[in-house]
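Note sheet for the following structure.
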Amino acid sequence: MPALRSMLAVEEALERILGAAAPLPAEATPIADTVGRAMADDLIAQRTVPPWDNSAMDGYAVRSADVAKAPVRLRVIETIYAGQLPTRALAPGECSQIMTGAPMPRGADAVVMQERTERRSETEVEILESVGAQSFVRARGEDVREGETLLPKGSAIGVAEAALLWSQGFTAVNVPRRPRVAILATGDELSTAETAASGKIIDSGSPALALAAARCGAIATRLGIAQDSAESLARALSTAASGFDAVLTIGGVSGGAHDFVRAALAEAGATMDFWKVAIKPGKPLAFGRRGATLFFGLPGNPTSSLVSFELFVRPALRRMLGHAQVLTPRMDGRTEVEIRKPAGLTHFIRAQAHWRDGDLWAKPLETQSSGAIRSMVGATHLIVVPSATTQVAAGGAVALHPLSWKE
Ligand code: AMP
Ligand code: MG
């Protein structure tokens, strides 16, 4: 068992978590269900697109040499519609009427758009302007060439990538399967909304974390609420230990008299790596594993649990999903107000940021109490204040971690 350090730096905690998380086995998946996931392998193009030179305009396919001295009259030998193949090659003085997307006839090297022509008769057209070679011609293979790498392993699949896959004739591709995530609330004070009685607090943490996990692409299962007793927790966690890739517990990790999660995780056979991370909010944060299953003991305060999820669980789930990019890229911004804090913890201040005069200005939300969910509502970014920093002047440069929870 690795030594339990008292409090890890945020970077080291993340490194250990990512060291323990690995892409899950790949499964062939219908393309529509791969959006938000990542390629399990390099994907090699199996066809050239477009398969032939084709017209980018409705107009006339010509030999550019023939129209160099426009206006000039050409003989129209056929009309080529999209979806048809040309039947004739162009001889000098000839052209073919052509529609957007239709293959270019042999002999033609340019297209004159309809608007630059005047049809004189069934068989004759006047070309009003000259065009250079390759004008309005989309070259064969301009989009994709057979054999090239279309999407590298680990690249994220969005709507455009799905369209590319479909354009290649694929209906399914291999992506790592979705992580199965269990969520367990803990606390004698918690109840569901249906059974809420006086003295009780509604469990908002487990539905919120289940939602956050699902939005990362995981399959979330809520295991309910365990009581603050070693037996209740052990019972719930023994269920959780099997069949899940990650188990998230909420609350009970801060070391209070009723904080049994630590003992229960050990009882469930999880080898714990660390218990505390030097961050605010969310300092109590336990991490360990049992086999390939990752255990996260998240803090109970609603804002702390969401921030911890964003900083630590999301990257782990993205790694399991096979994404090459697991961390959210941070942005350079400026703080609207002075920030002061003691050295020692990295602070993640919930803020609303707006672009103004070319800078992203972040304003901390009025309440920063980690127990108040309102200290997160409306936040667009977390202002990241490094552990050693004690003061940032108003207008000073800060790193901003964007939150995507509203999209
Ligand atoms: P704990 O870490 O268990 O001491 O919890 C810290 C605070 O978060 C307490 O006020 C709890 O009532 C609250 N809390 C814990 N779990 C949840 C939850 N699932 N939903 C809402 N609040 C919670
Ligand atoms: Mg508790």
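Side notes on the structure shown:
- Rounded to the nearest 0.05, the FRET efficiency derived from the C-beta distance between Glu27 and Ala257 at R0 = 56 Å is 0.80.
- In order along region 380-390, the Karplus-derived 3J(HN,Hα) couplings, from 6.51 cos²θ - 1.76 cosθ + 1.60 at θ = phi - 60°, round to 9, 9, 9, 7, 9, 10, x, 4, 6, 6, 10 Hz, and Gly and Pro are given as x.
- Shape call, region 196-308: gyration tensor on alpha carbons, a/c limit 1.5: rounded
- Total formal charge among the other residues, if their Cβ is under 15 angstrom from that of Ala185, Lys/Arg +1 and Asp/Glu -1: -3
- Label-point separation, Glu122 to Leu85 (7 Å along Cα→Cβ), nm: 2.7
- Region 345-407: C-alpha gyration tensor shape, a/c 1.5 cut-off, then a/b vs b/c: oblate
- With an a/c value of 1.5 or above and a/b not larger than b/c for the gyration tensor axes a ≥ b ≥ c computed over the alpha-carbon atoms, region 239-364 is described as oblate.
- Surrounding net charge for Gly141, when Lys and Arg each add one and Asp and Glu each subtract one, Cβ distance under 11 Å: -1
- Extension gain from Ser198 to Ala163, taking 0.36 nm per residue of separation minus the Cα-Cα distance: 7.3 nm
- Neighbourhood charge, 11 Å Cβ-Cβ cut-off, centred on Asp53 and excluding it, Lys, Arg +1 and Asp, Glu -1: +1
- Filter on Lys283/Lys363; Lys153/Lys283; Lys200/Lys406 - keep pairs with C-alpha separation over 32 Å: Lys153/Lys283
- Distance in nm between pseudo-label sites at Ala133 and Glu189 (7 Å out along the Cβ direction from Cα): 8.0
- Based on the Kirkwood approach, the hydrodynamic radius assigned to region 225-287 is 12.1 Å, with every pair of different Cα atoms included.
- Extension gain (nm, one decimal) between Arg145 and Thr389, 0.36 nm per residue minus Cα-Cα: 82.7 nm
- Rounded FRET efficiency, nearest 0.05, which uses the C-beta distance separating Glu78 from Ile44 and R0 of 35 Å: 0.40
- Extension reserve of the Glu12-Glu231 stretch, reckoned as 0.36 nm per residue once the Cα distance is removed: 75.6 nm
Read-outs throughout are calculated quantities, based only on the coordinates presented, and are distinct from any laboratory measurement. Just so it is clear, the structure is predicted and the values come from calculations on it, not from any experiment. Counting neighbours? That spans all protein chains shown, and the Cβs are built from the backbone with ideal geometry, glycine included.
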